[in-house]
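Colleague: Just passing along the structure, written as structure tokens.
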Amino acid sequence: MSFRKQKLETQIKKLVGTLIVTEIKDPRIGFVTVTNVELSKDYAYADVYVSVLGDDNDKKKTLMGLQSARGFIQYRVGKALSIRTIPEIRFHLDTSIEKGVDMVNLLEKLEKESSKNNSGSSDN
């Protein structure tokens, strides 16, 4: 990956995150974290991955709100960056954080069960 592409992805991630928190007032948008941005090779598309706190309904509403604000976000990103082509922003739900939390909970549960079985068998 080129340094320029990496730098642009980082800048877009920071800009979008800041815009969501400070300037977008859509009530559908809940607690959102921008987790990653991936630019296409020709910089025409920016896939923005977001993590949303809440249930499936909250996630759906938040994605709808972000899609609604997409034009404004693209305009502000284009204004802030000095690039020839402003990438089309596409929002995607990132569930990796939830999967990680589920995995940690599962491991803790297995560890507790294992320690119960070990302590029960050592008494015999």
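Colleague: Given Gly71, Gly65, Gly54, which one is free of Cβ contacts under 8 Å to residues at least 24 places away in the same chain and either exposed (fewer than 14 other Cβ atoms within 10 Å of the Cβ) or part of a helix (DSSP H, G or I) (or both)?
Modeller: Every option except Gly71 fails the conditions.
Colleague: Please list, ordered by first then second residue, the pairs with beta carbon atoms under 8 Å, 6 or more apart or interchain, first in the stretch 25-36 and without any contact (Cβ under 8 Å) to a residue 24 or more places away in the chain, second of a type in the set (Phe, Trp, Tyr).
Modeller: Pairs that qualify, where the first residue is without any contact (Cβ under 8 Å) to a residue 24 or more places away in the chain and the partner is of a type in the set (Phe, Trp, Tyr), are Val34/Tyr49.
Colleague: A further question on this structure: Out of all the residues in the stretch 83-105, is one or more surrounded by 11 or more Cβ atoms within 10 Å (Cβ to Cβ), part of a loop (DSSP other than H, G, I, E, B) and of a type in the set (Asp, Glu)?
Modeller: yes
Colleague: Let me ask another. If I ask for residues that are outside any loop (DSSP other than H, G, I, E, B) and more than 11 Å from the chain's Cα centre (by Cα), which ones from the stretch 25-44 would you list?
Modeller: Of everything in the stretch 25-44, those that are outside any loop (DSSP other than H, G, I, E, B) and more than 11 Å from the chain's Cα centre (by Cα) turn out to be Glu38, Leu39.
Colleague: Okay, next question. Mind listing just one residue for me: the one in the stretch 1-24 that is outside any helix (DSSP H, G or I) and touching a residue at least 24 places away in the same chain (Cβ under 8 Å) and, of those, surrounded by the fewest Cβ atoms within 10 Å (Cβ to Cβ)?
Modeller: Of everything passing the filter in the stretch 1-24, Glu23 is surrounded by the fewest Cβ atoms within 10 Å (Cβ to Cβ).
Colleague: Could you please let me know if Gly54 is modelled with pLDDT under 90 and in contact with an Asp or Glu (Cβ under 7 Å, 6 or more places away or on another chain)?
Modeller: So Gly54 fails the test.
Colleague: Also: Identify all residues within the stretch 45-75 that are of a type in the set (A, V, I, L, M) and under 15 Å from the mean Cα position of the chain (by Cα); write none if there are none.
Modeller: Hits for the stretch 45-75 are Ala46, Val48, Val50, Val52, Leu53, Leu63, Met64, Leu66.
The values are calculated or read from the model by the stated rules, or taken from the named source; none is laboratory data. Predicted model only: the values in this text are computed from it and were never measured. Methodologically, a virtual Cβ is constructed for each residue, glycine included, from the backbone with ideal geometry; neighbour enumeration extends over all protein chains shown.
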